[in-house]
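Written out below as structure tokens is the structure these notes cover.
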There are 2 protein chains.
Amino acid sequence: MSYFDAASSLPLHPVARQALLASVDEGWADPARPHREGRRARMLLDAARETAAEAVGCRPDELRFTSSGTHALHTGITGALAGRRRAGRRLVVSAVEHSAVLHTAEAHERAGGLVREVGVDRSGRVDAQEWARALGEDSALACLQSANHEVGTVQPVTEVAEICAEAGVPLLVDAAQSLPWGPVAGPWSLLAGSAHKWGGPAGVGLLAIRKGVRFAPPGPVDERESGAAPGFENIPAVVAAAAALRAVRAEADAEADRLRALVDRIRTRVPELVPDTEVVGDPVRRLPHLVTFSCLYVDGEALLHALDAADYSVSSGSSCTSSTLTPSHVLRAMGVLSEGNVRVSLPPGTTEEEVDRFLEVLPGAVEGVRAHLGAGAGAAAGAATGIGAATGTAAEPSPSGATAEVTVDALGKLCPLPVIELAKVIEDVPAGGVVRVLADDEAARLDIPAWCEMTGHAFEGVEGVEYRVRRQTADS
Amino acid sequence: MSYFDAASSLPLHPVARQALLASVDEGWADPARPHREGRRARMLLDAARETAAEAVGCRPDELRFTSSGTHALHTGITGALAGRRRAGRRLVVSAVEHSAVLHTAEAHERAGGLVREVGVDRSGRVDAQEWARALGEDSALACLQSANHEVGTVQPVTEVAEICAEAGVPLLVDAAQSLPWGPVAGPWSLLAGSAHKWGGPAGVGLLAIRKGVRFAPPGPVDERESGAAPGFENIPAVVAAAAALRAVRAEADAEADRLRALVDRIRTRVPELVPDTEVVGDPVRRLPHLVTFSCLYVDGEALLHALDAADYSVSSGSSCTSSTLTPSHVLRAMGVLSEGNVRVSLPPGTTEEEVDRFLEVLPGAVEGVRAHLGAGAGAAAGAATGIGAATGTAAEPSPSGATAEVTVDALGKLCPLPVIELAKVIEDVPAGGVVRVLADDEAARLDIPAWCEMTGHAFEGVEGVEYRVRRQTADS
């Protein structure tokens, strides 16, 4: 069994396991109590705070432990917005932030605040100059991830932090994905992280708030963790989290080099081994252990199951996974294909053999899913494969007859079926002819243009549920 | 070392320890993922939910795990108020709820809501009929604890639940203190608990929301735990918490009988062994393991330290503990003495010998603190002990000379000094004479009347910082 979903959660690091065991016996009492058990708990908490602060690059009294990374983001953003309410109500975020950030932004908007979303390029990266322009005089806070959780692209966070500092706007950095690999440089104001992403236990997030940053904790008053994290401190978990962070940092540079090479191998080999595949995200400025690719004519959930059956655990940003009906907002913001999406994130210690076996298994898994959907290896070649007729594509010549035009009715069909049907009929029209695709699945908005980009046909736009694609040939 | 602060937090139950160990290796993955590790985590989470729901007495789909008991209360109250906003904005609470409830009520008030606080009698118990009267047509929610965390008094929660149900107002029960001992009966709508109070790990609370109760989760949208608890699920801790709850319930009845007898011994013996002591809370309708008493002329923090030095860990609701400058709101609502307050809460397994040794140690500890403050064993006898002069009490006969009146200037002096100085000079005035005490410490509002009640002198009221006490004798 190979677990390639490290970006989602990691097993407990052996050091964390040991620290947890030791501290469940020592750190269960209330650290606010003056008795012996309370003082012992307080000492453990203080030591864990020092360790974690050193890894984050802040003072211990600037660091609060929260109950999760999500909680750190919710609290950090809401508290910083409230603390800066007099400065204004604008919140600047990138379009590819974690949903915990975007949901907090939505709550801010519902409460009358203003949210300015900064887009990304096709690699998923924000442009620092565009960020500078998005900051207005009424900006209360800006939020940028250090690296993207779905495609691994590293953001220009130091540059953005400097721009924000110059504009007098605090920057909150969501460092959940990058914190195991190193501290975040630059003059950031707030920073959030999540322990189970670095081999610490679940139930521990951290929120650093630099001295001098205005902060008004949201929700009911509570005296724990300087008001930023209500509820009894989870000291054994906090101790384990801090110990794990120190341990992974000690191995980070060597492990990053090793995993970077393994990811490069996947980035190179997947498009060679699997036809009609797009590897997304920045190839260089990226997390060492994470790579994402999308496969045309593939149902993401079916591919997850096929890989699971072959003993590989990965995740997917496709809309066709059970938990969601819309494709990943990250892939959407990048404007890349979302169907048949696979995110591979290697845990520390992944071997070359595991990666090689993954590369052996993947082509068959993709082919199996394509065959099941009636989109065989030659699907991109369309009618040539004869699949169109076999699966009953609703294609008919346009009434005019003059300009060749074919309509595909994919209404009610979910990703990846609209694209599969488009691919099947494209050869039915001559070069310069048009295929009209009727599709109401949300993923089509992303995947039909992305398919055109990948196959060289011309996307001519969408009106309502009608997409127009003009066939191009090598000559046209 | 005897740890008598079970109501604050308990060490991990051996069953919880074992469950935690097993599930850190099995339950670290994201239960929302369809891969093998995710499915395994989901199975553990589902099983824990079934176990906990059975102990609470609700359906598994009515139970949400939260990151703490405090979080369960914050979310439960805020979400139920939001869900019932159309019904009205009145929140009914008892005056002796946990601070997490009262702080949420304050936040509700700051946001324009109405809070109606129901008082308690001298034992700390609410009156069900008074509760009925406090419910108005505009009531959105009512909150009542099952038992008080500071004095152990059990509330008429079943009766109140029935009254609320009849009035169509949902009742949230804070069951944090009673849940280890048994489920809460009656038609409650929401219920909150905290795992580290029953020997589960920190970082786990639970919030039950009965089907049909309107609930709008506060804060940013999040899909975990039906939206009630944002952030990655802490499955190993949840599994350990559920296992511990089942384990303590199996032993609850027998252990309750045993601890009840030990607490009865403390309730009887303390006033016999330590002069000028008041045992507070309902002597019968109470938690089995908890007893609270207050000692006149004693600094609560100093007494905690003296007991700590004698190897006993207890807690205190006195204002003179380092973390607070105001006396416990519970003792204040009850109108009982707050100075020299000690809460003893016995963990499961406490032995008779430990309790007996505590009763041996306590008188000396109290005497030591009193002696240090210049209030020896005979302090209540006032001038008779000659302490007044020795410590320079600012007492002088009133200028009139006719009606004997003495003024004590205790401005700027903290609890228990104003009461100590009052006791020293009371004998300086003849029966029927008056002592005016000038005191600006907040605890004096509670402790001077309580001292009068305990010593049989007449409290004649307070104006600003001036308290009037008329000396009574056995004849007067």
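Assorted remarks:
- Restricting segment A:70-83 to residues that are in contact with a helix residue (DSSP H, G or I) (Cβ under 7 Å, 6 or more places away or on another chain) and facing chain B (nearest Cβ under 9 Å), the residue that is most open to solvent (accessible area, probe 1.4 Å) is A:THR78.
- Candidates B:ARG343, B:ARG370, B:ARG286, B:ARG332 - the one that is over 28 Å from B:ALA261 (Cβ atoms), touching a residue at least 12 places away in the same chain (Cβ under 8 Å) and open to solvent by less than 30 Å² (accessible area, probe 1.4 Å): B:ARG370
- Within segment A:443-476, the set of residues being in contact (Cβ under 8 Å) with a residue 60 or more places away in the chain and among the aromatic types (Phe, Trp, Tyr) comprises just one member, A:TRP451.
- Within segment A:25-35, one or more residues are open to solvent by 40 Å² or more (accessible area, probe 1.4 Å), more than 8 Å from chain B (Cβ to nearest Cβ) and more than 27 Å from A:ARG286 (Cβ to Cβ).
- Single residue of B:THR104, B:THR153 found to be within 14 Å of chain A (Cβ to nearest Cβ) and either among the β-branched types (Val, Ile, Thr) or at positive phi (or both): B:THR104
- Subset of segment B:1-23 (residues that are facing chain A (nearest Cβ under 10 Å), touching a residue at least 24 places away in the same chain (Cβ under 8 Å) and open to solvent by 10 Å² or more (accessible area, probe 1.4 Å)): B:MET1, B:TYR3, B:LEU10, B:PRO11, B:LEU12, B:ARG17, B:LEU20
- Verdict on A:ALA242 being open to solvent by less than 10 Å² (accessible area, probe 1.4 Å) and not assigned by TED's automatic domain parsing to the domain that holds A:GLY349: yes
- Filter pass, B:ALA306 being at pLDDT below 95, in a helix (DSSP H, G or I) and either crowded, with 24+ Cβ neighbours inside 10 Å or not assigned by TED's automatic domain parsing to the domain that holds B:HIS13 (or both): no
- Residue within segment A:321-330 that is in contact with a Cys (Cβ under 8 Å, 6 or more places away or on another chain) and modelled with pLDDT under 95 present: yes
- Within the set A:VAL126, A:VAL101, the sole residue that is open to solvent by less than 20 Å² (accessible area, probe 1.4 Å) and more than 22 Å from A:THR75 (Cβ to Cβ) turns out to be A:VAL126.
- Just so you know, in segment B:217-227 the residues that are within 11 Å of chain A (Cβ to nearest Cβ) and outside any loop (DSSP other than H, G, I, E, B) include one that is nearest to B:PRO14 (Cα to Cα), and it is B:ARG224.
- Neighbours by Cβ (under 8 Å, 6+ apart or cross-chain): first from segment B:197-216, within 18 Å of B:HIS149 (Cα to Cα) and away from chain A (no Cβ under 14 Å); second at pLDDT 95 or above and open to solvent by 10 Å² or more (accessible area, probe 1.4 Å): none
- Single unsatisfied condition, B:GLY193 versus (1) within 16 Å of the chain's Cα centre (by Cα); (2) over 24 Å from A:ALA229 (Cβ atoms): (2)
- Conditions (1) touching a residue at least 24 places away in the same chain (Cβ under 8 Å); (2) assigned to a helix (DSSP H, G or I); (3) away from every other protein chain (no Cβ under 14 Å); (4) open to solvent by 10 Å² or more (accessible area, probe 1.4 Å): number failed by B:PRO236: (3)
- Look at (1) surrounded by fewer than 21 Cβ atoms within 10 Å (Cβ to Cβ); (2) within 13 Å of chain A (Cβ to nearest Cβ); (3) in contact with a Lys or Arg (Cβ under 7 Å, 6 or more places away or on another chain) and you find that B:PRO230 fails only one, number (1).
The values are calculated or read from the model by the stated rules, or taken from the named source; none is laboratory data. For clarity, every value in this text was computed on a predicted model and none was experimentally measured. Quick reminder, even Gly has a Cβ in these numbers, built from the backbone with ideal geometry, and neighbours come from all protein chains shown. These area figures cover heavy atoms from the full protein model, side chains too; ligands, DNA and RNA do not enter into them. Shrake-Rupley method; radii C 1.70, N 1.55, O 1.52, S 1.80 Å.
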